[in-house]
Each structure stands twice: as C-alpha cells, then as structure tokens.
1. Return the pair list, or none, for Cβ contacts closer than 9 Å from residues in segment 211-238 that are at positive phi and among the basic types (Lys, Arg) to residues that are open to solvent by 10 Å² or more (accessible area, probe 1.4 Å) and not in a strand (DSSP E or B), at least 6 apart or on different chains.
2. Between LEU14, LEU29, which is in contact (Cβ under 8 Å) with a residue 60 or more places away in the chain and in contact with a Pro (Cβ under 7 Å, 6 or more places away or on another chain)?
3. Contact list please: Cβ distance under 7 Å, first residue in segment 104-124 and of a type in the set (Lys, Arg), second residue open to solvent by 90 Å² or more (accessible area, probe 1.4 Å) and in a strand (DSSP E or B), pairs at least six apart or on different chains.
4. Could you tell me whether any residue of segment 95-117 is out of contact with any helix residue (DSSP H, G or I) (no Cβ under 9 Å at 6 or more places or on another chain), of a type outside the set (S, T, N, Q) and surrounded by fewer than 22 Cβ atoms within 10 Å (Cβ to Cβ)?
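The values are calculated or read from the model by the stated rules, or taken from the named source; none is laboratory data. Predicted, not measured: the structure shown is a model, and the values here were computed from it. All Cβ positions, even for glycine, are placed from backbone atoms using ideal geometry, and neighbour counts span all protein chains on display. Note: accessible area is taken over every heavy atom of the protein model, side chains too, but ligands, DNA and RNA are not part of it. Shrake-Rupley method; radii C 1.70, N 1.55, O 1.52, S 1.80 Å.
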Amino acid sequence: MKLSEYVDRLDDRLDTPAYADVDASANGLQVGPDDGDVERVAFAVDAATATIEAAAEADADVLVVHHGLSWGGIERVTGRVHDRIAALVEHDVALYVSHLPLDGHQQLGNAAGVAAEIGLEDREPFGEIGPVTIGTIGDVAEPRSADALRGTLDGFEGQPDGEASPTRVLDFGPDDIERVAVVTGSGVDWLDEAVAAGADALITGEGKGQVYHDACEAGVTVFLAGHYATETFGVRALESLTADWGVETTYLPHPTGL
C-alpha cells in the first residue's frame, strides 16, 4: 500500500479534518515523504526516542501514535524535537498522529475501548469540545460498586515494570454505579458535563487539584486510571484495522506509570 493511501484511509475513518480547529496536535502525517510504500506499521501511545527506535528495529515504515511531536506548530527543530525527528528521518520511518480524533471516535477511540472493557451499553458521544466530542457515556449492564469498577480498570496496561496500573478513586457517588462517562487522558474538566448528563461516575486518566471538592459536592465518583493506561485502546484498534487492510503490524508498549 502507498503511504498516501494509508494516510488517506486513516484520516477518512477517524474524521481527522473535523478536529482541525480544536486540537493543538497536528493530526495526520507529521513526518514522512510525499510518496513511499507501507509494508509494516508500528503502533505506540507516544512518539518518543524509545518508540521511534523500537519502530526502526521492527522494520516499520510508519509509526502511528496518539501523542505526536507537533503541538501548535514547530518553531525550532532543536533539543528533543530534533533528536526525535532525526531518528525518524535516519531510519526512514514516517510518523502518523491522531490525538483528539482518536479520543472521540465511537468505535476505534480510546474512550470507546475503555467503555467496552467495563461493559457500557447504549453509548452516546460525550465530552464536548467545540463542535466535536472526545469521549463516550453509557450504562453498565448491571449496577456495579466503585470497587468492582476499579478492579477492571486496575488491569489496564500502565506500569513500566509490567505491573497493572493502580487506579485512584474519589468515591463520592452512589453505592451502585449505573451510568458512566469516559474521557481518557486528562478529562476531569468534563465533570460538570458528566453531572448534567446524569452520570454516577467519570472515568479518566489523571486529575487536577480541584476535582476532589468538585466531585464531592456533585456526588459523583471519579476514577483516575492513568493517562497512558486509558489511551492504549485507540492505537490498538488502529493496529487491528490496519491488519484488516492486509498490512503487517506490530504494537510497541512503553508504559509510563502516569
């Protein structure tokens, strides 16, 4: 498959242009030639020297990530940015990035993956940012306690030593959780939207100081399951999609514990 065709397919499936005005990330092909062939694609959460080198070792033609190199543009190619771009060019590895489009996609996205793991049904788009959404909301098949939900979230990939990622819980919601909102990564800013949507709980990756009192006063449980741990699902879904297109794939886990 040609690189241009592969990029176009991903952009189309992820509706990348819809997020152009709201996402600081330069989504799509960030580094790469105008042409080229794609025989093997590597997938990782972050574009870092470690994952770029691993992609090169795997003989990948493209590295697909959630967190790329360009946030609001690149003014200077120095320091870490230089080293990462240099590694991509040296090893002839293209870089494709999908940030908010991969958060909000209702089938392939990070929030959709988390929702599937905990068994959310009747899901709807959630987490408004401008004209698009970056999360999902739905109902659990049977009411579950905070401890039961934490048990599932604790099993997510997340620690550098290979251990499961422990979930922090602000347990201020009802004993039986029925409706759950999901915004992966750093999503506590959508707590009020979760309350307005009737959610008993909000699942995200990391918190901010004010979320403790906000959740307490709103009577909503907040699960902080790890930024990395909640954002492996999208790239894994893209890996499966790419394999369905007849391209060889490899997944590069590099958990941060954060």
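1. none
2. None of the other options fit; the residue is LEU14.
3. Close Cβ pairs satisfying both conditions: none exist.
4. No; the residues of segment 95-117 include none that is out of contact with any helix residue (DSSP H, G or I) (no Cβ under 9 Å at 6 or more places or on another chain), of a type outside the set (S, T, N, Q) and surrounded by fewer than 22 Cβ atoms within 10 Å (Cβ to Cβ).
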